[in-house]
Amino acid sequence: MSSILPEYNSDATSSDDAENEEELFTKRVRSNYIFKSKFDSRAESKSEVLAQKSWLQRFTKNLEDDKRIYYNCKWSRKCPAKMMLIIPHNTNEVFQYVTDAAHNHKIKECGLPEVTKAAVKKLFDVGVRKPNAVLKSLREQ
Ligand SMILES: [Zn+2]
């Protein structure tokens with residue numbers, strides 16, 4: 001197992017199509033990325049990012065040594081929480097970095113199992129909106 005992590009801030013001299021957007025991005029948010037976890041494959045990183053249910057892919061940068069995928073918080077564009085995947089070209093491993101800023105809002109859709117969410121949505125669709133009525137209906141199901 002390699003203990004050498006890619007440097008996230010070594011791309012200052014790079015230039016490619018994503019540069020302008022990246023510039024805007026860094027101007028708006030001075031993000032301080034911290035290493036979070038390492039995945040053994042692209043597939044593993046993809047399913048883990050999906051499972052975290054917090055990230056919306058913004059743009060990708062291809063650098064000499066690695067590819068970087070930048071993510072924003074999925075729930076709020078004003079949220080300072082950001083995430084980045086670094087995929088070195090010479091390995092299958094994927095490194096996940098997150099900003100040290102916490103989400104500045106409540107994370108929606110957490111805690112309810114998919115089945116319950118679907119049931120609640122169905123009730124909403126037929127006009128059951130009062131929390132007590134929703135709970136009563138759910139219990140009956
Ligand atoms: Zn957030």
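Derivation of every value follows stated rules applied to the coordinates shown; laboratory data play no part. Just so it is clear, the structure is predicted and the values come from calculations on it, not from any experiment. Heads up, the Cβs are rebuilt from the backbone with ideal geometry, glycines too, and the neighbour counts pull from every protein chain shown.
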Additional length obtainable on full extension of the chain from Gln52 to Asp100, 0.36 nm per residue less Cα span: 15.7 nm
Theoretical gain in end-to-end length, Asn32 to Gln141 [0.36 nm per residue, Cα-Cα removed]: 34.5 nm
At R0 = 25 Å, FRET efficiency that the Cβ-Cβ distance of Ala118 and Arg77 yields, to 0.05: 0.40
Burial ordering of Asp66, Asp100, fewest other beta-carbon atoms within 10 Å first: Asp100, Asp66
Added length on full extension, which subtracts the Cα-Cα distance from 0.36 nm per residue, Asn132 to Arg42: 28.0 nm
